[in-house]
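Structure first, then comments.
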Amino acid sequence: MAVDRKQQVVEAAAKSFALFGYKATTMDGVAKIAGVGKGTIYTFFANKEELFQHIMNTMLLEMKRMAESAYNEQLTFFDNLHIVLEQLLEFREQHELALKLSQEVREIGTPVAVEALQQMERAVVSYIAKQVAVAVERGTIKPCEPEMTAFVMLKLYMALTVEWKLKHKPLEKMQVAQYLRFYLEQGLAPE
């Protein structure tokens, strides 16, 4: 059975980026983990940045597949919003590379790591924006600008799940869902 060298390199790079972060990962280190010569890596990827972007693209595809599998046509827009955001947050909290990138951004501020986290956010906003546009088209939510609305929805969700617990008792999943519905579906205006 033939050994897929490119796959070996990709797996080794994913492991190295997840363990050491972007800044501390070297092509020599990836070659060692993969059990190949450094030159072998360059037959598939021009440089560390290209290799890292390949890993990121794979992770973003994985996020998209997860969001799509969580989406249920039988549920309301707001129920799906909560389920998909919850899945994406769990993905980010459990995926070793996403965790390492967050740590690297906090501790070092590596520009490539910052851009990688921004790519993740853009992918989530893009996915939600598409769902917003469909919901507007179906008349299940008011007409709005999909990308801005998706951005606000993501930021509200992150505020309720991540930032709130920094100074308050963490909210239960059902509470987060209720607050999302309250602020986004019902609004603050008196009836």
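The values are calculated or read from the model by the stated rules, or taken from the named source; none is laboratory data. Because the structure is predicted, anything quoted here is derived from the model rather than measured. Neighbour counts run over all protein chains shown; Cβ positions are idealised from the backbone, glycine included. Areas reflect the complete protein model, heavy atoms only, side chains present, ligands, DNA and RNA absent. Shrake-Rupley method; radii C 1.70, N 1.55, O 1.52, S 1.80 Å.
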| In nm, to one decimal, how far is the modelled label at residue 32 from the one at residue 182, with both set 7 Å along Cα→Cβ? | 5.3
| message | Cross-link candidates for residue 48: which lysines have Cα within less than 19 Å, leaving aside residues fewer than 8 places away along the same chain? | response | 6, 15, 23, 32, 38, 100
| query | Taking Rh as the Kirkwood radius computed over C-alpha pairs, what is the Stokes-Einstein D of the chain at 37 °C in a medium of viscosity 0.692 mPa s, expressed in µm² per second? | reply | 177
| message | Just to confirm, what accessible area per residue do you get for the stretch 137-191 at 1.4 Å probe, in whole Å²? | response | 81
| Size of charge dipole - the stretch 88-148 - debye, nearest 20, with Cβ of Lys, Arg +1 and Asp, Glu -1, no other charges | 220
| message | Please report the carbon-and-sulfur percent of the accessible area for the stretch 38-191; probe 1.4 Å, protein heavy atoms only, DNA, RNA and ligands left out. | response | 55
| task | Find the accessible area per residue for the stretch 1-112; the probe is 1.4 Å, ligands and nucleic acids are left out, and the unit is Å². | result | 55
| field | GluC sites (Glu not before Pro) lying in DSSP loop within the stretch 1-90, provided at most 12 other Cβ fall within 10 Å | value | 73
| Extension gain from residue 134 to residue 148, taking 0.36 nm per residue of separation minus the Cα-Cα distance | 3.6 nm
| field | Estimated [θ] at 222 nm from DSSP helical runs (n ≥ 4, -39500 (n - 2.57)) normalised by residues in the chain, nearest 500 | value | -23000 deg cm²/dmol
| task | Quickly work out the residue 159-to-residue 65 label distance, labels modelled 7 Å from Cα along the C-beta direction, and quote it in nm with one decimal. | result | 3.5
| Span from the the stretch 1-52 Cα centroid across to the the stretch 97-139 one, whole angstrom | 24
